[in-house]
1. Can you tell me how many residues within region A:99-133 are closer than 22 Å to B:Gly74 by Cβ, among the hydrophobic types (A, V, I, L, M, F, W, C) and part of a loop (DSSP other than H, G, I, E, B)?
2. I'd like to verify a number: residues in region B:123-143 that are farther than 17 Å from B:Ile199 by Cα and either β-branched (Val, Ile, Thr) or within 14 Å of chain A (Cβ to nearest Cβ) (or both), how many?
3. Counting only residues that are closer than 27 Å to A:Arg103 by Cα, free of Cβ contacts under 8 Å to residues at least 40 places away in the same chain and within 8 Å of chain B (Cβ to nearest Cβ), how many does region A:175-189 have?
4. Looking at (1) of a type in the set (Gly, Ala, Ser); (2) surrounded by fewer than 24 Cβ atoms within 10 Å (Cβ to Cβ); (3) in contact with a Phe, Trp or Tyr (Cβ under 8 Å, 6 or more places away or on another chain), which one does A:Ala146 not meet, given that it meets all the others?
5. Condition (residue is within 25 Å of A:Ala166 (Cβ to Cβ) and modelled with pLDDT of 95 or more) applied to region B:5-12: is it met by at least one residue?
6. Could you name every one of the strands (runs of 3 or more DSSP E) located completely within region B:144-243 that has at least 3 residues being within 14 Å of chain A (Cβ to nearest Cβ) and modelled with pLDDT of 95 or more?
7. Being at pLDDT 95 or above, part of a loop (DSSP other than H, G, I, E, B) and not assigned by the TED database to the domain that holds B:Glu157, is that true of even one residue in region B:273-288?
8. Quick check, is A:Ala166 within 7 Å of another protein chain (Cβ to nearest Cβ) and crowded, with 21+ Cβ neighbours inside 10 Å?
Amino acid sequence: MTVQELPGSAAAAYRPTPPPAWQPRTDPAPLLPDPEPYRVLGTEAAASADPELLLRLYAELVRGRRYNAQATALTKQGRLAVYPSSTGQEACEVGAALALEERDWLFPSYRDTLAAVARGLDPVQALTLLRGDWHTGYDPHEHRVAPLCTPLATQLPHAVGLAHAARLKGDDVVALAMVGDGGTSEGDFHEALNFAAVWNAPVVFLVQNNGFAISVPLAKQTAAPSLAHKAVGYGMPGRLVDGNDAVAVHEVLGQAVARARRGGGPTLIEAVTYRMDAHTNADDATRYRADSEVETWRAHDPIQLLERELTERGLLDDGTRQAAAEAAETMAADLRERMNADPVLNPMDLFEHVYARQTTQLREQAALLRAELDAEEEAR
Amino acid sequence: MTTAAVKPATMAQALQRAMRDAMAEDPTVHVMGEDVGTLGGVFRVTDGLAKEFGEDRCTDTPLAEAGILGTAVGMAMYGLRPVVEMQFDAFAYPAFEQLISHVARMRNRTKGGMPMPITVRVPYGGGIGGVEHHSDSSEAYYMATPGLHVVTPATVEDAYGLLRASIASDDPVVFLEPKRLYWSKAEWSPEAPAAVEPIGRAVVRRSGRSATLITYGPSVPVCMEAAQAAAAEGWDLEVVDLRSLVPFDDETVCASVRRTGRAVVVHESTGFGGPGGEIAARVTERCFHHLEAPVLRVAGFDIPYPPPMLERHHLPGVDRVLDAVARLQWEAAS
């Protein structure tokens with residue numbers, strides 16, 4: 001016999017009810033990602049993809065792959081201190097960047113040089129940080145690309161703040177913030193997503209889940225069903241996309257950007273991809289992953305996926321292929337040549353940009369360096 | 001004589017007035033933080049701003065200091081001037097990465113392309129009976145970070161003037177508000193506030209010939225009281241209120257020490273690795289031949305901030321300052 005069945009007792013009237021203040025804030029079901037990463041290439045949907053877009057994505061992928069190879073070669077020549085390659089992830093980089101309008105802003109992590117270049121950044125200027133001549137070699141306002149961010153996930157709240165400010169000013173600007181799977185464990189990831197959702201800020205968060213944070217695999221990074229599932233906890237939709245399918249990435253990003261632009265708020269997108277190279281040239285990936293795994297992903301190469309579709313639709317002849325390869329080679333040759341010239345640096349710049357007005361202390365230190373430089377010059 | 005109403009005003013009111021005037025003059029000034037809106041801040045420093053300027057200009061944010069400062073960075077990138085409240089000194093620590101890795105160096109990183117005109121208001125210091133994490137003096141951490149200005153007012157007038165100057169600054173300013181002076185009063189006219197001078201200048205609060213007390217923020221009233229007490233014993237103390245720790249006003253400080261030949265640095269932050277060590281070193285480097293005694297420091301003990309029932313033993317008071325002054329009658333061991 002249960003307590004409720006006791007006739008006439010006070011307990012009989014008791015019905016557990018939720019606390020008075022509790023009510024669901026939103027229906028979680030529409031926010032949940034489809035468990036299968038969204039794909040276009042290799043499905044029937046690919047047939048309706050715009051040929052011009054496919055060819056543009058193809059050219060950018062080929063150029064991006066060549067850029068990664070050239071930059072990696074430059075590290076071996078000592079021209080770059082370090083290069084975090086995005087080989088294997090070009091579809092994410094390019095597909096996402098091309099989903100933005102000119103007035104939108106990109107907030108890249110250190111691995112997202114390709115996305116920055118796809119927005120029109122000079123390939124050499126995008127490498128300044130990694131060459132070591134200055135931290136940011138470009139004007140962030142020119143192409144609306146924030147400085148490549150080295151600390152993990154700290155650029156995400158910047159994207160939220162900028163998007164929020166733009167909306168306050170009445171501009172329909174969207175911010176795209178890119179982060180890796182490891183970055184989703186950082187506190188700033190949480191705070192940025194929470195602020196974005198509460199403020200309904202026009203931001204799109206793109207997580208490139210490339211399998212590893214340096215050496216730590218995703219299984220040791222999170223216990224969530226997927227990184228896209230995290231979205232529901234903040235009250236924003238989560239989407240899973242095949243990160244090697246440039247068309248799918250572009251489409252999903254485009255939808256999220258359009259949604260943000262019309263006031264629909266932020267979206268969290270997880271692109272499932274794979275980092276074919278090591279974390280950087282300083283890392284030995286053979287210590288933490290098997291060759292067989294790498295080979296599995298090689299069969300899912302973003303350029304090959306797109307090539308297959310283009311070929312099937314008769315959009316890729318030898319001429320097109322050659323044109324893309326030549327354009328990439330021209331870019332690489334130019335990059336090589338310009339990177340092989342020693343940059344001309346002015347040591348006095350060290351004191352120029354610390355404050356708007358130099359402090360007395362910095363003026364004194366600048367004078368000291370000036371004297372040292374003059375003495376060096378005289379000794380020569 | 002001016003007809004502007006001069007009546008007792010508190011430091012908290014002067015700070016509120018500074019934000020209000022800045023917001024009225026410049027639509028890009030935005031106040032943000034936990035509880036700054038409807039409540040008006042736990043110390044009521046932002047009282048009425050949300051009502052007057054709307055919630056878009058004075059925003060109650062989610063409770064997340066890194067998020068508050070991190071979003072302020074993005075807002076500054078888009079041309080706004082955020083004024084961020086960190087509620088309590090030790091609550092600012094989660095925002096340290098944003099402050100140090102981004103706010104302080106964004107101008108430098110971008111060769112001037114992305115200045116960060118952000119004011120970070122941090123109520124700091126003890127003496128109000130706050131429990132753990134509510135009384136830290138963190139200025140040494142901020143001072144050690146190039147790219148930041150660090151200022152702290154000790155008077156009602158300065159609270160207004162320095163906060164206006166900080167908000168107007170194109171560089172980030174950590175604005176340290178001495179909590180225990182929030183309710184200190186002065187005859188001050190909110191209708192005709194003093195002119196705003198650029199930050200970076202110290203001021204002589206009391207002239208004297210025997211020794212210089214170099215101090216700032218919550219320790220300024222302590223030093224003024226000590227100077228008064230010392231006068232009875234024949235010591236004529238000069239009190240220099242730094243107002244700005246970064247940039248540091250070597251000129252005013254050293255001019256004073258060269259006149260008096262003796263100096264004591266007074267602050268409630270810990271002594272080891274604290275601001276006093278830097279100040280004493282600067283003074284010694286520049287005034288060595290004028291010094292009649294070593295530069296002494298009177299600081300908080302080198303302990304985590306104590307529980308409120310013991311804090312009076314930790315905070316440098318008038319007696320401890322006077323003891324140091326007595327030790328200035330120093331003679332080299334023969």
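The values are calculated or read from the model by the stated rules, or taken from the named source; none is laboratory data. All values derive from a computational prediction rather than experimental measurement. Cβ sites come from the backbone with ideal geometry, for glycine too, and all protein chains shown count toward neighbours.
1. Going through region A:99-133 one residue at a time, the tally reaches 3.
2. 2
3. 1
4. Here A:Ala146 clears every test but (2).
5. no
6. Where strands (runs of 3 or more DSSP E) fall fully within region B:144-243 and carry at least 3 residues being within 14 Å of chain A (Cβ to nearest Cβ) and modelled with pLDDT of 95 or more, they are B:149-151.
7. Within region B:273-288 (the criterion being at pLDDT 95 or above, part of a loop (DSSP other than H, G, I, E, B) and not assigned by the TED database to the domain that holds B:Glu157), the answer is yes, since at least one residue qualifies.
8. yes
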